[in-house]
Protein chains: 2
Amino acid sequence: MTTQQPLYYMGIDGGGSKCRALLTDAEGKELGTGQSGPANPNQGLDQSLNSILDCATQAIDNAGLPASTIDKVYAGMGLAGLNLPKYYQWMANWDHPFARLNISTDLHIACLGAHGGGDGAVIITGTGSCGMVNVKGQRRQFGGHGFTVGDQGSGAWLGINAIRQSLQALDGLLPKTDLVERVLDLTQCQTARELAQTMAGQSPAKYAKLAPVVFEQANVKDELATELVIKGADYINRLARRLFGYNPPRFSMIGGLAPIIAPWLDEDVKERLQPSLHSPEMGAVLFAQQDNPKRDTL
Amino acid sequence: MTTQQPLYYMGIDGGGSKCRALLTDAEGKELGTGQSGPANPNQGLDQSLNSILDCATQAIDNAGLPASTIDKVYAGMGLAGLNLPKYYQWMANWDHPFARLNISTDLHIACLGAHGGGDGAVIITGTGSCGMVNVKGQRRQFGGHGFTVGDQGSGAWLGINAIRQSLQALDGLLPKTDLVERVLDLTQCQTARELAQTMAGQSPAKYAKLAPVVFEQANVKDELATELVIKGADYINRLARRLFGYNPPRFSMIGGLAPIIAPWLDEDVKERLQPSLHSPEMGAVLFAQQDNPKRDTL
């Protein structure tokens, strides 16, 4: 590890579907960006590291700099899944190629970005879902327990529940609405048996691809889709109110589903919603600038 | 494969938690039994084959016969998961040690056993859940789509949903009832983070171990547990009514959860419930006696 002043900063935001990198100069001016695949270590450490290196390399290349620049970069990285000690430890032990690497959760850097480094609360709803409040130097995190036992209201949760409902509908146990036809169409399946065999044990990212269709169908009052979206929104409402209990001065929602699920939220939650000031990647750049940041102990 | 008359029949019933074998003489008189671990091939073909051979060997040993007896046995086997073509093909290609092996689903042999080979409908609720109706030579199967996208109302489904609710309660998003304390106790966890890390990605059998506690808590009106049991029972009610549409002369419920969930079912379902005539293993013995049985095409 070098002790000289950095020439570059890089912010990396790694989620369950994709990983984004932003390279800046020493003053924080954007030089280049990169984007790659899934980076949540719960889907495999190798895939996660590959995605991180891939988008970092792209950002350097996009800036017109040689690949060797990487060892002059102070990087800040927020990764989904890093609230779990096992994955945090994996990543802390990584023999990375940067001059310095600060690691934390995707939530933390999103919160830093959304509120320009100031106090506030965020909910991320993309492939997964979770919430964080950062007030007076204290951070609290809720949700984000991973796809199989948590992440309600997320894209993966909506997608796998669309599969579950479609299977019941194909069995004649629920009404067979247009959602079912669209799920069969998207998965290229024709029967319940095919759908179960094709879609059991898929990745969160794969399930999350069905989420936009669930919202499209809910917007035309499809019975099954509406039930799912209302149930997902109910979780997000409860999560938001939990965060409001800490009196955050600002509240933002981030992630691919945020603008789509927002109209379905209750009024008391919607009226506190404010736009993000910066991207999570820029939040990660702010994080890269911190010396010896404290590990998120939540 | 031998062409001589069999000296022995064996019925094998393999589910997601355990595998049972029953050895009879050529007239169907019980000689010995065996029991082993999970045999659903969706949890791994090797584990499944090991469990099958283990309980078969036990049954022969329990009958006081030498291990070499296995090649004089006509076996009939019903396995969970065998409604999926991939797993059926795996098992059909198995170079098994029996004189003959008829394979089908656990549902099929349960239905044969429950109604003594006659027409009827069954619902299995154990680690997984599914329903079958067998009327006038036609079989129809519903549910049984596997743990991740189906099996509502089953032990695994109740167990994983108890985890999901406990995580929400620990996050302060749901009331923290006694169910949560019991789940933490059984899983030896203390926090939401620990619980998520310990219980994500576990086997269906492991989740199903929590199901009895969910019923115990529902029986003392625990809010979270009651909500889960009512939701599970609602699925079983709808599944039963779907089967009733085929006018089966008899209806039985089988599996570890059957006697526990039955009191929670609606009256129209409860009043049609009749006891099983024989065990699924004996159904498998009846199946072993069939020459060239037709593959379940449902």
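Read-outs throughout are calculated quantities, based only on the coordinates presented, and are distinct from any laboratory measurement. Just so it is clear, the structure is predicted and the values come from calculations on it, not from any experiment. Methodologically, a virtual Cβ is constructed for each residue, glycine included, from the backbone with ideal geometry; neighbour enumeration extends over all protein chains shown.
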Listed by chain and number, the aspartates and glutamates with an alpha carbon less than 18 angstrom from that of A:LYS72, same-chain partners under 8 positions apart left out, are A:ASP25, A:GLU27, A:GLU30, A:ASP54, A:ASP61, A:ASP95, A:ASP291
Of B:LEU243, B:LEU186, B:LEU273, the most mobile residue in a GNM of chain B (C-alpha springs, cutoff 10 Å) is B:LEU186
For chain A, the dipole about the Cα centre with charges only on Cβ (Lys and Arg +1, Asp and Glu -1), to the nearest 20 debye, works out at 680 debye
The orientation-averaged projected area of the Cα convex hull of the protein assembly as shown, in nm², is 29.6 nm²
Net charge near B:TRP264 (other residues with Cβ under 15 Å of its Cβ; Lys, Arg +1; Asp, Glu -1) is -4
Both in Å, the radius of gyration and Dmax of the C-alpha trace of segment B:92-168 are 15.9, 53
With 0.36 nm assigned to each residue of separation and the Cα-Cα distance removed, A:VAL135 to A:LYS29 gains 35.4 nm
For chain B, longest principal axis from Cα atoms; helix B:223-244 axis from its Cα atoms; angle between them, nearest 10 degrees, is 40 degrees
One point scatterer per Cα, no solvent, Debye formula: log10 I(q)/I(0) for segment B:119-276 at q = 0.17 Å⁻¹ comes out as -0.91
Residues other than B:ALA56 with Cβ under 12 Å of its Cβ, Lys/Arg counted +1 and Asp/Glu -1, net out at -4
Within segment B:106-144, DSSP-loop trypsin sites (Lys or Arg not before Pro) with at most 12 other C-beta atoms within 10 Å are B:LYS136
Among B:PHE142, B:ALA200, B:LEU210, the residue whose Cα sits farthest towards the positive end of the charge dipole of segment B:119-276, when +1 is placed on the Cβ of each Lys and Arg and -1 on the Cβ of each Asp and Glu, is B:PHE142
To the nearest 10 degrees, the tilt of helix B:45-62 (Cα long axis) against the first principal axis of the alpha carbons of chain B is 60 degrees
If labels are modelled 7 Å from Cα along the Cβ direction, B:ASP25 lies from its partners in the other copies at nm distances, smallest first, of 9.6
Largest fluctuation, A:GLY126, A:GLY137, A:GLY11 only, Gaussian network model of chain A with Cα springs under 10 angstrom, belongs to A:GLY137
Other residues with Cβ under 15 Å from the Cβ of B:GLY116 give, with Lys and Arg +1 and Asp and Glu -1, a net charge of -1
The alpha-carbon pair-distance distribution computed for segment A:1-144, with 5 angstrom bins and whole-percent values, is 2, 10, 20, 22, 20, 16, 8, 2, 0
Ranked by GNM mean-square fluctuation in chain A (Cα springs under 10 Å), the top entry among A:GLY118, A:GLY172, A:GLY78 is A:GLY172
Computed, not fitted: 222 nm per-residue ellipticity of chain B from DSSP H runs ≥ 4 (each -39500 (n - 2.57)), nearest 500, equal to -12000 deg cm²/dmol
From the Cα centre of segment B:47-71 to that of segment A:204-221, the distance in Å is 49 Å
What a careful reader reports for the chain A Cβ nearest the rotation axis onto chain B, distance rounded to whole angstrom, is A:THR148, 4
Chain B, Kirkwood Rh and Cα Rg, ratio Rg/Rh at 1.01
With one decimal in nm and the nearest listed first, the spacings from A:GLU216 to its own position in the other copies, using label points 7 Å along Cα-to-Cβ, are 4.9
Taking R0 as 35 Å and r as the Cβ-Cβ distance between B:LYS72 and B:GLN47, the FRET efficiency 1/(1 + (r/R0)^6), rounded to the nearest 0.05, comes to 0.85
